[in-house]
Amino acid sequence: MSQLSSQMQEGPGEVASPPGKRLEEAVLRIAGNSQDGIQSIGVMLARLAGRSDMEVMTYMTIPATISGGASIFQVHMGTGEILSPGDDADILVVFYQHSYDRHLPSLRDGGLLLYDSSHVEPDNEGLQTRGIKSMGLPITELTIETVGGSGKQKGKNIYLLGLLANLFHFDLGKARSLVEARFRKQGDSVVRNALLALEAGWAYSLGELSSEYRLCPAETRGVNKVTMTGNQALAYGIIAAGVRFGAGYPITPWTDTMEQLRQELPFFGGTFLQTEDELAAISAAIGAAYGGVVAMTGTSGPGLSLYSEAISFAVMAEIPLLIVDVQRGGPSTGLPTNVEQSDLELACYGAHGDSPRVVMAPARAEECFYLAIEAVDIAYRYSLPVVFLSDQAIATRIESFKMPKPDRCMQLIVSDRKPRPYHKPYPLDSVTRHVAPGTRLEDGAYPHVTGLEHDEYGYPSVNPEMHTAMTRKRHKKLDLLASELPVPEVDGPMEGEILIVGWGSTEGVIRKAVDRLRSDVSGVGGLHLRHLSPLPPGLTEIFDRFERIYVVEMNDGGRYGCGQLGRMLRMETCCPRIQGINKTEGLSFRVDEIVDRIREPRGAEASNVRESRQTASLSHE
Amino acid sequence: MSENLGKQRAYPMSNESNDSETTITAATEREVPEERRHRLTKSELRADRPTWCAGCGDYGVLAIYQKMLEKRNPPHEEIVTLSGIGCSSRFPYFVNTYGVHYLHGRVLPFATGLSVARPDLNIFVFVGDGDAYSIGGNHLEHCARKNVRMTVVVMDNEVYGLTKKQTSPTSPIGFKSKTDPWGSQIPPLNPIKKLIAAGATFVARSVASSPNHLMSMMEQGMDHNGFAVIECLSECVQFYPGAFDDTHPRRGGKFSEVPADHDIGDDAAAYRLAEADPPGYFGVFYREEKTTLNESEGERVRQSQRRFDGGRDSEVLERLMERLT
Ligand SMILES: Cc1ncc(C[n+]2csc(CCOP(=O)(O)OP(=O)(O)O)c2C)c(N)n1
Ligand code: SF4
Ligand SMILES: [Mg+2]
């Protein structure tokens, strides 16, 4: 059955690795249709790698339609620190001709192609010139042969999982237990078939390939690791942060965090409500926060627009609240399942009136956990709303990272309802600390929380000095926070030619770009910001030490040749040497896109990495 | 990233004494038997002087609310008075209880969050017809459907008062407002029918000028375990004077109570009763005992917590995350 021998091709100049040689990392891409269960083997493979002491990072595309449509899963496994999902694949698995046609360019020269020989006819000559090895096998038929049954394609993904687990020398026992856990709910016979498929795939003869893709044992061996998506890490971070009430409305890519919180917050005595819309979601969260229960709401792009009136209330009424926005492509309904970083300005400024709030962004899945804790801490220390800006890439990416220690990092915030002599809700000279209803006030004067401008006791006031003083007070909370933030660290030398600045999910590619540029640029550094409003201190001094500052963002460069963070940084530092490297394709940056753009600067007006010919010039005609 | 962010903290940190007590001490008068508890007085419930126009129907609602609290005497600190935006929604400033003046149309979801998070509180919501039936109409339906525990009084003047005379969803056909100077041509919505159709479990109708009747409706609303709505006609003397003269015997109108033989458990009968020509009937149209959202969410928490048999939060989190190792 094996077509390995006939189709195994040796690239010119490519020498097969001697047995026993070990790889440090490998990028695997699987491409097919969404009903092929690609996401689920991707997830299991990532988890298996995580259990095998690998660092893992993945890249997924979820088709907008639920079934049908192309789907890929890319997993970058390695034993060092994995920073990005990887640009090009070392190994490409394709189920169909269209997957082959579309994804072959992303397979690196000298890589390995695995294909379903019942559906794909590769161009062997083309492969040979690129030094690509290939192996075809009729995956569907082989699966049916082992599992039996009709022509149902179910199970072929598990067959493939077995084959890949063998290719990478993962532990069969660990793979079995993952598969068992995955199918347990569906009954014994399903588990049995899945295990049959897994073992048959495992037993498929890989011939010479069998020694080529063994990964090195990791440096972090023995460290207990978790493997999860950014959205899962976020849900656990929210719980660890002490949040015990949440409310939301489903929207991609935020939804799975919400589903998880709905199911798991009750384990902690908390509640998560699915509301009728986002206006209700944020209002319910503000209501619970007012009641003294740590609260959050979450959404993606369009929902953040609907939040804005209530955000303005939370600023005015000084309500501590965590607001999550998992960004996707916009404007409007935009690109629901793609990545973009274009909600930053909305997060920072979106709402009427002067309404300062805190905005933070995690750079990777692990940070979703810890930064959520910090975000809630800030919300309570300054009594204000904090917007937590994740993005689709972080949300759906699976990473393996050190298991957090809940007994050390879990935050507990409880409302103290002991009677007190009196309460002034809005003191001008200190941060507001609301008392929750249920707290007896011995002077018998109960406070009002309000969206009207008010005096220190919460009564409406149109006094000009009062409005000025209260407006300043609300703003000063941001100044105070900014003064308490650490100066961010530069990755690389403290001065030089180029500084690459970023935020959110681009951290890994930026760090790789910095590494790659080191060979030909004297002094290149990276700076990744987690605090976006207020910005951390020391930026002016850092920027002063570099000749050119590039701000890498997945949003439009606009009129000034830099994107949303770039513009904010120009405002903050008045530094004219800031320019943007922008991408608006709904896809993450590749390392070479950043590197190429820096090596051949094209002037500020053409800052997008690729500009469509149709819009290069625009006129009324 | 530090993983040592863990800290225990009690908010609010009092400005003058800062002790590190972290447990919730719901020191209320609840444990004190009702007869021995301090009795709320009218003056204790008074706050800012109302800013409503002289003669506004809303004064009547405020007076009855204070009188009812005095009579029923719940622990003072457990009363929460909430409102949206409108003349009527200035309400919380005029009564000395915990109060929130929230957004136009959104106070019901605010109250939902508060009610579910704090089922121990007595939550009262006061809103206008525009707030409840127009901008907040969707929330009203969903609160009714979910049966969230709270008492809502809609102070319906059939006009937008605060913004000075625009057509409201309850303005009758022919009503001349600044947005319909030629007379409104859109049929008004019928709040009682809307509420019954949405599944509200307590629906009553009253008028601010009948204090005893309103008091009875509000007390029954307060006693109802669930979402109780009292649609209360309340005259805007400024922009729709005389709107409810037809309910007032002394002004030549007729105050008809819900007929004694009406079955308040029959939603179809209530629906038909609500179709009576103006000024219609007053009283409880519909009442039903149904599981509240507070109860179902509370039960979910109890069941979920049983699964980890009372483990500490950090242990539970660790066990959940261990599934992903
Ligand atoms: C989002 C929003 N839209 C509009 C307004 C302006 N506004 C305030 S109150 C009101 C209507 C008030 O009518 P109603 O709810 O019937 O209360 P009333 O003043 O009659 O008691 C409007 C339109 C607002 N505050 N917020
Ligand atoms: S405008 Fe109408 S509703 Fe508003 S206070 Fe005056 S009378 Fe009352
Ligand atoms: Mg009105």
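Coordinate-derived values only; no laboratory data. Computed from a prediction, not measured in an experiment: that's the story for all the values here. Every residue, glycine among them, receives a Cβ derived from its backbone with ideal geometry; neighbour counts consider all protein chains shown.
For the range A:152-243, what is Rg from Cα atoms divided by 2.2 N^0.38 Å, rounded to two decimals?
1.36
Percent antiparallel among DSSP beta bridges with both residues in the range A:227-409, to the nearest 5?
Approximately 15 percent, going by the DSSP bridge assignments.
Between the alpha-carbon centers of the range B:95-152 and the range B:275-325, tell me the distance in whole angstrom.
One Cα centre to the other: 17 Å.
What ³J(HN,Hα) values, in whole Hz, does the Karplus curve 6.51 cos²θ - 1.76 cosθ + 1.60 give for the range A:298-309 when θ = phi - 60°, with x put for Gly and Pro?
x, 6, 10, x, x, x, 5, 4, 5, 5, 4, 4
Within straight cross-link reach of residue A:185, meaning Cα distance under 23 Å, which lysines are found once same-chain residues fewer than 8 apart are removed?
Result set, ordered by chain and number: A:152, A:154, A:156, A:174.
Please list, in order along the range A:155-161, the HN-Hα scalar couplings obtained from phi with the Karplus expression 6.51 cos²θ - 1.76 cosθ + 1.60 (θ = phi - 60°), rounded to whole Hz, x for Gly and Pro.
Values, residue by residue: x, 5, 5, 6, 4, 4, 4 Hz.
Starting from the Cα gyration tensor of the range A:419-484, take the square roots of the eigenvalues, sort them a ≥ b ≥ c, and report rounded, prolate or oblate (rounded when a/c is under 1.5, otherwise prolate if a/b is larger than b/c, else oblate).
Because a/c hits 1.5 or more and a/b fails to exceed b/c, the range A:419-484 counts as oblate.
So how far, in whole Å, is the C-alpha centre of the range A:190-255 from the one of the range A:343-381?
Result: 27 Å between the Cα centres.
With the Cα gyration tensor of the range A:227-409 giving a ≥ b ≥ c as the square roots of its eigenvalues, does the rule (a/c under 1.5 for rounded; else a/b larger than b/c for prolate; else oblate) give rounded, prolate or oblate?
It comes out rounded by the Cα gyration axes.
Under 26 Å between alpha carbons, and skipping anything fewer than 8 positions from residue A:473 in its own chain: which lysines qualify?
Correct list for residue A:473: A:424.
Amide H to amide H, which residues 5 or more places from residue B:46 or on other chains are under 5 Å from it, using H placed in the peptide plane?
Residues meeting the amide H criterion: B:96.
Of B:48, B:267, B:129, which has the largest mean-square fluctuation in a 10 Å C-alpha GNM of chain B?
B:48
Under a no-solvent Debye model with one identical scatterer per Cα of chain B, what's log10 I(q)/I(0) at q = 0.06, 0.07, 0.12 Å⁻¹?
The Debye formula, applied to the Cα set alone, gives -0.25, -0.34, -0.87.
For A:29, A:22, what's the fewest-to-most ordering of other Cβ within 10 Å of each Cβ?
Fewest-to-most Cβ neighbours within 10 Å comes out as A:22, A:29.
I need the GluC sites (Glu not before Pro) found in the range A:403-479, filtered to DSSP loop residues with at most 10 other beta carbons within 10 Å of theirs.
In loop regions of the range A:403-479 (DSSP not H, G, I, E or B), the sparsely surrounded GluC sites (Glu not before Pro) are A:442.
Can you give the longest run of chain B that contains no GluC sites (Glu not before Pro) sitting in a DSSP loop with at most 13 other Cβ atoms inside 10 Å?
Result, exposed sites excluded: B:22-274.
Counting only residues 5 or more places away or on other chains, whose amide H sits under 5 Å from the amide H of residue A:324 once H atoms are built in the peptide plane?
Those lying under 5 Å, H to H, from residue A:324 are A:297, A:298, A:299, A:388.
Could you work out how far the C-alpha centroid of the range A:448-519 sits from that of the range A:547-573, in angstrom?
Result: 16 Å between the Cα centres.
Whole-Hz ³J(HN,Hα) for each residue in the range B:43-56, computed from phi via Karplus 6.51 cos²θ - 1.76 cosθ + 1.60 with θ = phi - 60°, x for glycine and proline: what do you get?
Per residue, the Karplus-derived 3J(HN,Hα) values read 5, 5, 8, 7, 10, 4, 6, x, 9, 5, 4, 4, x, 4 Hz.
Could you check how many percent of all C-alpha pairs in the range A:347-495 are farther apart than 24 Å?
50
Roughly how big is the protein assembly as shown's charge dipole about its Cα centre, with Cβ charges of +1 (Lys, Arg) and -1 (Asp, Glu), in debye to the nearest 20?
Dipole about the Cα centre, nearest 20: 1160 debye.
With a cap of 13 neighbouring Cβ atoms within 10 Å, and only residues DSSP puts in a loop, list the chymotrypsin sites (Phe, Trp or Tyr not before Pro) found in the range B:158-210.
Passing both the DSSP loop test and the Cβ count: B:182.
Quick check: from the Cα gyration tensor, does the protein assembly as shown come out rounded (a/c under 1.5), prolate or oblate?
prolate
When only Cα pairs under 8 Å and 6 or more residues apart are kept, what is the percent relative contact order across the range A:487-575?
Averaging sequence separation for qualifying contacts and normalising by length gives 36 percent for the range A:487-575.
Please arrange A:543, A:369 by how many other C-beta atoms lie within 10 Å of their C-beta, fewest to most.
The order, fewest Cβ neighbours first, is A:543, A:369.
What order do you get for B:121, A:160 when you list them from fewest to most C-beta neighbours inside 10 Å?
B:121, A:160
Quick one: work out the % antiparallel among DSSP beta bridges in the protein assembly as shown, nearest 5.
Restricted to the protein assembly as shown, the bridges split so that about 25 percent are antiparallel.
Whose amide H sits under 5 Å from the amide H of residue A:89, counting only residues 5 or more places off or on another chain, with H placed in the peptide plane?
Here A:107, A:108 satisfy the definition.
So which aspartates and glutamates can residue B:254 reach, going by Cα to Cα under 20 Å and dropping same-chain residues fewer than 8 places off?
Result set, ordered by chain and number: B:156, B:158, B:231, B:235, B:245, B:246, B:275, B:277.
Could you tell me which of the pairs B:164/B:194; A:133/A:583; B:194/B:290; B:193/B:290 are separated by over 21 angstrom between their Cα atoms in the structure shown?
Where the Cα-Cα span goes over 21 Å, the pairs concerned are B:164/B:194; A:133/A:583.
For the protein assembly as shown, with the dipole built from +1 on Lys and Arg beta-carbon atoms and -1 on Asp and Glu ones, taken about the Cα centre, which of A:293, A:28, A:215 lies farthest toward the positive end?
Result: A:293.
With only Lys, Arg, Asp and Glu charged, each at its Cβ (+1 for the first two, -1 for the last two), find how big the charge dipole of chain B is about the Cα centre; round to the nearest 20 debye.
580
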